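Structure record follows, encoded as structure tokens.
The values are calculated or read from the model by the stated rules, or taken from the named source; none is laboratory data. All of these numbers come straight from a predicted model, not from anything done at the bench. We place every Cβ from the backbone using ideal geometry, glycine too, and count neighbours over all the protein chains shown. Only protein heavy atoms, including side chains, enter the accessible area calculation; ligands, DNA and RNA are left aside. Shrake-Rupley method; radii C 1.70, N 1.55, O 1.52, S 1.80 Å.
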Amino acid sequence: MDLAEKLAILADAAKYDASCASSGANKRDSRDGKGVGSAGGSGICHSYAPDGRCISLLKILLTNRCIYDCHYCINRRSSNVRRTAFTAEEAVTLTLDFYKRNYIEGLFLSSGIVRSADHTMEQVVQVARTLREQHDFRGYIHLKTIPEASPELIEQAARYADRISINLELPTQVSLDRLAPEKNLARTQQAMGRIKLKLDEAHDRRKNGDRKLRHATGQSTQVIVGADDSTDADFLARSDVLYGTYKMRRVYYSAFSPIPEPSVVLPVKAAPLVREHRLYQADWLMRNYGFSTSEILPAETPNLDLRIDPKLAWALRNRQEFPLDVQTATRGQLVRVPGLGLRNVDRLIAIRRHTRVRLEDLARLRVSLPKVRPFLITADHHPARYLLDSDRLIDRFLPKPVQLDLFDDENR
Amino acid sequence: MRTVDPGENFESWRAVAKRLLQEAVSPAEVIWEGDALPCLFEEPTAYKVNADKLVVPAAFMDLAKCVACHGDPERWALLYRILWRIARGGERSLIEISSDYEMARARRMEKSVRREIHKMHAFVRFRKTGEDDTGRERFVAWFEPDHFIIEAGTPFFVKRFANMDWSIFTPKGCAHWIGGILKFSPGCSSDPCDDPDAMEEIWRVYYRSIFNPARLKLKMMQTEMPKRYWKNLPEADLIESLVAESRGRVDGMLTKTPREVRPVLKNAYLEKLRNLPEEPEGG
């Protein structure tokens with residue numbers, strides 16, 4: 001099999017992993033080295049596939065041979081997909097060839113499980129080691145690790161990588177037992193805990209002067225949405241723990257996608273893309289806007305409203321908080337106004353020190369007036385009380401009826 | 001009325017603007033014109049230097065440096081109006097009022113310049129043209145930006161590709177990093193060396209394979225990768241066929257007979273996994 005054929009199989013095998021970040025590495029470049037590469041700035045998306053996902057890293061599996069049988073996965077042992085493997089040298093050369101042409105920020109390497117966790121992990125580490133030590137590669141490396149691999153191997157991976165990750169995939173052991181029988185939630189979290197300690201340790205060493213220390217700076221994980229009957233509340237509660245206890249940089253939500261090799265255990269259906277999008281929005285509000293899980297999803301509604309974004313949904317449930325006067329409201333209050341983002345809130349706070357804010361100011365900041373109008377008081381605008389009290393307020397925000405079909409005209 | 005030549009970049013504009021400001025020439029009296037002949041500028045003896053200390057916030061200089069790279073010929077006049085209002089019009093805090101009509105316009109220009117620098121870092125595609133005797137590789141790229149961002153966008157490539165030789169050709173100026181020395185040259189109207197690189201075919205294989213037909217989101221893709229960049233991206237001409245085939249591919253998946261589960265393999269490691277305790281110690 002030639003390199004192009006292998007790449008076609010092993011990139012196809014890797015595409016269900018949503019992780020794409022190439023930011024957050026320790027700052028470095030190639031000027032004082034022999035090789036190629038830089039990292040540590042903001043991430044760069046070098047291309048976009050028609051699925052809207054950014055292409056930042058060369059995302060491949062080292063092999064798609066696998067002894068596990070995860071029913072959502074194209075590479076499970078029960079699948080009849082064609083199997084192949086890159087040699088370490090092939091993966092290294094491909095990474096360098098793509099990188100030097102400025103196609104990618106670096107490598108995202110994962111693998112099917114062959115023989116054992118340790119055996120697989122050694123192969124993956126070997127690629128990263130060769131890139132770093134033989135080729136002085138200073139670009140970004142993200143390595144997928146296996147919770148059952150020995151802690152020493154995982155720590156080796158962390159020394160060559162900028163980001164390491166273990167995918168949780170499903171939020172409960174019940175779901176794992178049914179859909180990914182070889183995976184174990186407790187073992188995964190235990191491994192994440194160990195990784196967190198190592199990351200903290202490396203962070204402290206760098207802070208205390210060991211500037212040359214080469215070590216990953218963060219870990220991330222992925223959960224699959226729509227493969228089991230977990231609710232959005234289940235996912236967000238799990239994310240809360242992942243961000244809080246394990247200090248994840250990111251939790252990726254990946255809509256369960258149809259695969260060409262469906263399993264009898266898990267019938268395929270259209271990917272729940274809107275749900276995935278709402279979960280990302282909710283996750284963002286939790287991490288950056290000071291919302292708690294219970295504010296986003298009160299006990300009586302375990303799932304996000306697919307029709308409107310979660311901040312708007314919160315505002316509609318909490319109308320007693322509005323309208324807010326843009327001139328006097330606190331930053332914490334303003335960021336909760338539907339239609340106002342963090343950057344515009346900061347701009348408004350600077351502006352209001354010097355002038356009375358009017359609707360036209362908001363328009364020039366490219367704020368959507370129809371969206372903020374019911375919630376904000378400006379120098380020239382006071383929303384009608386009846387509007388905020390109206391049961392029909394939500395109608396203003398609902399999208400015009402469209403077919404929620406993957407292939408509707410909007411997508412053409 | 002006087003017609004002045006802003007020159008080609010921030011530094012040249014700044015020198016002219018400073019002089020105008022010192023002379024207290026209001027923006028309404030100035031026409032900024034690229035082709036203006038130097039003699040149209042009034043003779044030095046004709047201006048009176050105002051002794052006031054004209055203080056301009058650093059934030060304005062940062063903004064102006066960036067806006068100066070914008071492709072809109074009106075940028076010079078806009079910058080001078082803002083400068084005038086700050087230094088002479090008593091609007092010391094104007095730079096903080098992002099919703100002011102002129103500030104909003106300048107901020108939008110700044111944003112599109114920054115965005116295009118970022119897109120340059122993303123979408124420049126090097127093609128390998130050879131190696132020298134020492135094995136140092138040589139690459140070229142062709143890029144077509146809307147704004148004058150070549151100088152601002154180049155340091156990124158110097159840091160990342162310090163140990164290669166490369167040239168980035170664009171209609172708005174070219175950058176060359178050869179033997180560790182950076183040089184800029186005037187723009188060229190077309191790609192001077194358009195030999196393809198064999199690796200582009202492999203990259204296209206990757207692009208085709210990493211696309212998931214079950215998640216078509218064309219609009220999202222076009223927001224981030226606007227069509228005007230497509231003609232210089234070797235992967236972009238695959239988009240049409242990938243989109244056209246996607247529905248058939250997904251229908252095939254949805255109607256496929258599901259695979260049975262294969263029996264558990266005889267494997268020592270899997271055996272060990274099954275015998276691990278449910279809750280690891282200290283989990």
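Worth a mention:
- Picking from residues in the stretch A:76-91 that are part of a loop (DSSP other than H, G, I, E, B) and over 23 Å from residue A:174 (Cβ atoms), the one that is farthest from the other protein chains (Cβ to nearest Cβ) is A:87.
- Matching residues, the stretch A:1-32, being in contact (Cβ under 8 Å) with a residue 40 or more places away in the chain and of a type in the set (Gly, Ala, Ser): A:11, A:13, A:14, A:18, A:19, A:21, A:22, A:24, A:25, A:30
- Residues (in contact (Cβ under 8 Å) with a residue 12 or more places away in the chain and in a loop (DSSP other than H, G, I, E, B)) located in the stretch B:93-128: B:124, B:125, B:126
- Subset of the stretch A:120-160 that is touching a residue at least 60 places away in the same chain (Cβ under 8 Å) and open to solvent by 10 Å² or more (accessible area, probe 1.4 Å) - its residue that is nearest to the chain's Cα centre (by Cα): A:144
- Filtering the stretch A:318-345 to residues that are within 14 Å of chain B (Cβ to nearest Cβ) and open to solvent by 70 Å² or more (accessible area, probe 1.4 Å) leaves only A:343.
- As a summary of the residue check, residue A:72 satisfies the conditions (1) more than 28 Å from residue B:265 (Cα to Cα); (2) assigned to a loop (DSSP other than H, G, I, E, B) except for the one numbered (1).
- Among residues of the stretch A:50-83, those that are among the charged types (D, E, K, R) and under 21 Å from residue A:5 (Cβ atoms), counted: 4
- Pick from the stretch A:108-134, criterion of a type in the set (S, T, N, Q) and facing chain B (nearest Cβ under 10 Å), ranking: farthest from residue A:18 (Cα to Cα): A:116
- Candidates A:12, A:29 - the one that is facing another protein chain (nearest Cβ under 7 Å), within 29 Å of residue A:175 (Cα to Cα) and of a type in the set (D, E, K, R): A:12
- Residues being open to solvent by less than 30 Å² (accessible area, probe 1.4 Å) and facing another protein chain (nearest Cβ under 9 Å) - total across the stretch B:101-126: 8
- Test result for residue A:163, under 28 Å from residue B:205 (Cβ atoms), at pLDDT 95 or above and either open to solvent by 10 Å² or more (accessible area, probe 1.4 Å) or charged (D, E, K, R) (or both): yes
- So residue A:158, is it of a type in the set (A, V, I, L, M), in a helix (DSSP H, G or I), within 14 Å of chain B (Cβ to nearest Cβ) and over 26 Å from residue A:310 (Cβ atoms): no
- Annotation note: of A:6, A:59, A:34, the sole residue that is of a type in the set (D, E, K, R) and more than 7 Å from every other protein chain (Cβ to nearest Cβ) is A:6.
- In the stretch A:84-95, the condition of being surrounded by fewer than 19 Cβ atoms within 10 Å (Cβ to Cβ) and either in contact with a strand residue (DSSP E or B) (Cβ under 6 Å, 6 or more places away or on another chain) or free of Cβ contacts under 8 Å to residues at least 24 places away in the same chain (or both) is met by at least one residue.
- Criterion violated by residue A:212 - all others in (1) surrounded by fewer than 19 Cβ atoms within 10 Å (Cβ to Cβ); (2) in a loop (DSSP other than H, G, I, E, B); (3) modelled with pLDDT of 95 or more satisfied: (3)
- Of the residues making up the stretch A:182-208, those that are without any contact (Cβ under 8 Å) to a residue 24 or more places away in the chain, of a type outside the set (Asp, Glu) and open to solvent by 50 Å² or more (accessible area, probe 1.4 Å) are A:197, A:203, A:205, A:207, A:208.
- Within the stretch B:168-179, the residues that satisfy the criterion of being open to solvent by less than 40 Å² (accessible area, probe 1.4 Å) and assigned to a loop (DSSP other than H, G, I, E, B) are B:170, B:173.
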